[in-house]
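J.: I'd like to ask some things about the structure below.
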Amino acid sequence: MTKIIILLVVAAVAVSCIHADENFPNFPQFPMFPFNNFPGLQQPFALLNPDYVKDMKPGPGGHVAGAFVSSSSSSETVDGVTKKKSSGRVVTNQDGKVQDVSF
């Protein structure tokens, strides 16, 4: 159940980033924290990658559902001109039916 909640939070954040206001100010850089003692996560904790999700197969009589969501955005101002870049990727696997969408 916890994995599903984490997956839904990641998906919601990705969708929010995609639809974020273009005029929203840049965030400052924050220090990253280690995941090794993060509350609520059982050890060991491994981050999923798109190939792992693509390769998931249901066992005999079983089902599998997986998703990988990634998004990024950046902006750079040179000589008063701001250039913005953004991209994203969603990989889903529902019982072996894989979809991979990049935008």
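J.: Which number in (1) in contact (Cβ under 8 Å) with a residue 40 or more places away in the chain; (2) in contact with a Ser or Thr (Cβ under 6 Å, 6 or more places away or on another chain) marks the one condition that residue 53 misses?
T.: Residue 53 satisfies all of (1) in contact (Cβ under 8 Å) with a residue 40 or more places away in the chain; (2) in contact with a Ser or Thr (Cβ under 6 Å, 6 or more places away or on another chain) except (2).
J.: For the stretch 53-103, name all the residues that are closer than 24 Å to residue 5 by Cβ, among the hydroxyl-bearing types (Ser, Thr, Tyr) and surrounded by fewer than 12 Cβ atoms within 10 Å (Cβ to Cβ).
T.: Residue satisfying the conditions is 72 alone.
Values in this text are rule-based calculations from the coordinates and carry no lab data. This one's a predicted model, so the numbers in the text were calculated from it and none came from an experiment. Note: ideal-geometry Cβ built from the backbone for every residue, glycine included; neighbour counts use all protein chains shown.
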